[in-house]
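Asks: Got a structure here, written out as C-alpha cells. Questions coming.
The values are calculated or read from the model by the stated rules, or taken from the named source; none is laboratory data. The structure presented is a predicted model; accordingly, all values stated were derived computationally and were not measured. Cβ coordinates were reconstructed from backbone atoms using ideal geometry, including for glycine residues, and neighbour counts include every protein chain displayed.
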Amino acid sequence: MNRKKFSPLLMSMFAVSLVTGCLPRDSIEDVSLIQIVGYDVAKDDEIRGTVVVPHFSRMEQGKGVEEETLTSTAHSTKQIHTKLQSKAARPITIGTLKVALYSAELAEKGIGSVIDSMARDPRIGRNIYLAITEGNTKEILDAGISKNETTGKFISGLIEQNAATNFPRTNLHEFLYTHFGKGMDGYLPYLKLNDRDELALDGIAFFNDGKFVYKAPYEKSYTFTLLKENFKEATQEIEFEKRYIVVESIGSNVKYIFNGDKDNPAFTIKITMTGIINDAPTLALELTPPVIKKMEKTIEKYNEKEAEEMIKKFQEHKIDPLGLGSIIDNRVRNLDFKKWKEEQYPEMPIKVDLKMKILEVGTTS
C-alpha cells in the first residue's frame, strides 16, 4: 500500500486551518465590548459598578455613537461583572477595556482591593488608564460627553494626549508598581465634569497605602512632572518684568542625590532644562544675552520655589510619590520604613537645584 508524503508546509497549513476553525467567530455585533468602567460607593459597604456598552451596528448606519449604561452593585468587582451579565442582551467582554474610573469618595476609603482584583484578571491589559473622578463615575458615564467617539476612547485619549506634554505618565502597570513597591506612593489623573457636561483633567490624585489623600490642581502638574520624570515637550507661562512669557521646554533631566545617612537623611533633586521662549507678545525689551540670562534665572527660581512647595505638601501628607524611600532602602541596610515614613520623611531636608538653558527666542513684540 502506497502512502503519499505530505510536505512540512502542507502539514503546517493543515494544522493552522484546524486551529483557526476552532476559534470563536463572534463579531462585534454579537458581544458587548466594554471600553470603560466606573466604580462608586454604594449602600451596605457595597460597590456600584457602571459600564458603557457601545452599539457599533448603529454606528455603521451613520447614526453616530450610541451607547447605553449598565449598573449593578455588589461587595466585589467580580460579582458586579456577574450581575451585569444578567442585564446585558449580549455577552459582556472586558478584553477591550481602556479606562477604569473611581469616585473620589471610594478612593478615600481605599481602592487597593479593587485594583488587586483587576490586576489578577488576565483579560485586562496592564496599559489601561486609571483615573479618579470628582463626584460619581455613573454621572460621568451617563452624561454622553462625546458625540463623535465612544466614551472610553474619548477619556483614554484625554489622558494620553496630556501625558505627552505637561502631565505625568501613569497606567495600571505603573500604579501597581508604586502601590505594591516599598518606599513609594501612587498617583492618578483627577477628572471633573462641569455644568456643561464637559470633562477635563482637574489635577493629580495622590495616594497613601491605596487611599486617596491629596489632590494637586492641574496647574501644578507641570511641576510634578518636572520632579518625577524626564520629558521633551511641555509649556509654561511665567511672569517676567511684570509681563508674561511662554517657555517651551524641549528637554529636561531629573536626578535624586541622597545626602546624609540612615539617621539623618537628606536629598538634593537636580533638574536640568533646555527650552525656547516661543511667545513674549507683551515684553517691551530687546532680548539681548544679558536679558536672556536674567530670564533663565527667573525660570530657575520660579520652578525651584514651586517644586519645594509641592514637596512640602507631600511631606505634610506623608506621601512619597517621588519614591525617595525606595532610594534610601537601596542605600542603607535594615531601614525601618514605619519610622522613615512617620518621623524622618516629614522633616527631611529636600533641596531642589534647577538649571535652565534658553536655546532660542521666538515671537516677541
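Asks: Test N334 against the criterion of being free of Cβ contacts under 8 Å to residues at least 60 places away in the same chain and either touching a Lys or Arg at 6+ places or on another chain (Cβ under 9 Å) or under 22 Å from R169 (Cβ atoms) (or both), and give yes or no. Steps first, please.
Replies: On the way: free of Cβ contacts under 8 Å to residues at least 60 places away in the same chain: yes; either touching a Lys or Arg at 6+ places or on another chain (Cβ under 9 Å) or under 22 Å from R169 (Cβ atoms) (or both): yes.
So N334 fits the description; yes.
Asks: Mind listing whichever residues of the range 113-134 are surrounded by fewer than 17 Cβ atoms within 10 Å (Cβ to Cβ) and either within 20 Å of D45 (Cβ to Cβ) or touching an Asp or Glu at 6+ places or on another chain (Cβ under 6 Å) (or both)? Walk me through it before giving the result.
Replies: First, the residues of the range 113-134 that are surrounded by fewer than 17 Cβ atoms within 10 Å (Cβ to Cβ): 113, 116-117, 119-123, 125-127.
Listed by number, the residues that qualify are S113, D116, S117.
Asks: Yes or no: the range 291-310 includes at least one residue that is part of a loop (DSSP other than H, G, I, E, B) and touching a residue at least 12 places away in the same chain (Cβ under 8 Å).
Replies: no
Asks: Under the condition of being over 18 Å from K305 (Cα atoms) and charged (D, E, K, R), which residue from the range 243-282 is surrounded by the fewest Cβ atoms within 10 Å (Cβ to Cβ)?
Replies: D263
Asks: I need the full set of residues from the range 91-103 which are assigned to a strand (DSSP E or B) and either β-branched (V, I, T) or exposed (fewer than 14 other Cβ atoms within 10 Å of the Cβ) (or both), in order please.
Replies: Here is the first cut: in the range 91-103, the residues assigned to a strand (DSSP E or B) are 92-93, 99-103.
Across the range 91-103, the qualifying residues are I92, T93, V99.
Asks: Is it the case, given these coordinates, that I140 is surrounded by 15 or more Cβ atoms within 10 Å (Cβ to Cβ), within 18 Å of Y39 (Cα to Cα), free of Cβ contacts under 8 Å to residues at least 60 places away in the same chain and of a type in the set (V, I, T)? Break it down stepwise before answering.
Replies: Values: surrounded by 15 or more Cβ atoms within 10 Å (Cβ to Cβ): yes; within 18 Å of Y39 (Cα to Cα): yes; free of Cβ contacts under 8 Å to residues at least 60 places away in the same chain: no; of a type in the set (V, I, T): yes.
For I140, the condition - surrounded by 15 or more Cβ atoms within 10 Å (Cβ to Cβ), within 18 Å of Y39 (Cα to Cα), free of Cβ contacts under 8 Å to residues at least 60 places away in the same chain and of a type in the set (V, I, T) - is not met.
Asks: Whether any residue in the range 67-90 is at pLDDT below 85, over 24 Å from the mean Cα position of the chain (by Cα) and surrounded by 18 or more Cβ atoms within 10 Å (Cβ to Cβ) is what I want to check.
Replies: Checking the range 67-90: not a single residue is at pLDDT below 85, over 24 Å from the mean Cα position of the chain (by Cα) and surrounded by 18 or more Cβ atoms within 10 Å (Cβ to Cβ).
Asks: Run down K232, K255, K262, K270 and say which single residue is among the charged types (D, E, K, R), modelled with pLDDT under 90 and in contact with a strand residue (DSSP E or B) (Cβ under 7 Å, 6 or more places away or on another chain).
Replies: Values: K255 fails: modelled with pLDDT under 90; K262 fails: in contact with a strand residue (DSSP E or B) (Cβ under 7 Å, 6 or more places away or on another chain); K270 fails: modelled with pLDDT under 90.
K232 is the lone residue from the list that is among the charged types (D, E, K, R), modelled with pLDDT under 90 and in contact with a strand residue (DSSP E or B) (Cβ under 7 Å, 6 or more places away or on another chain).
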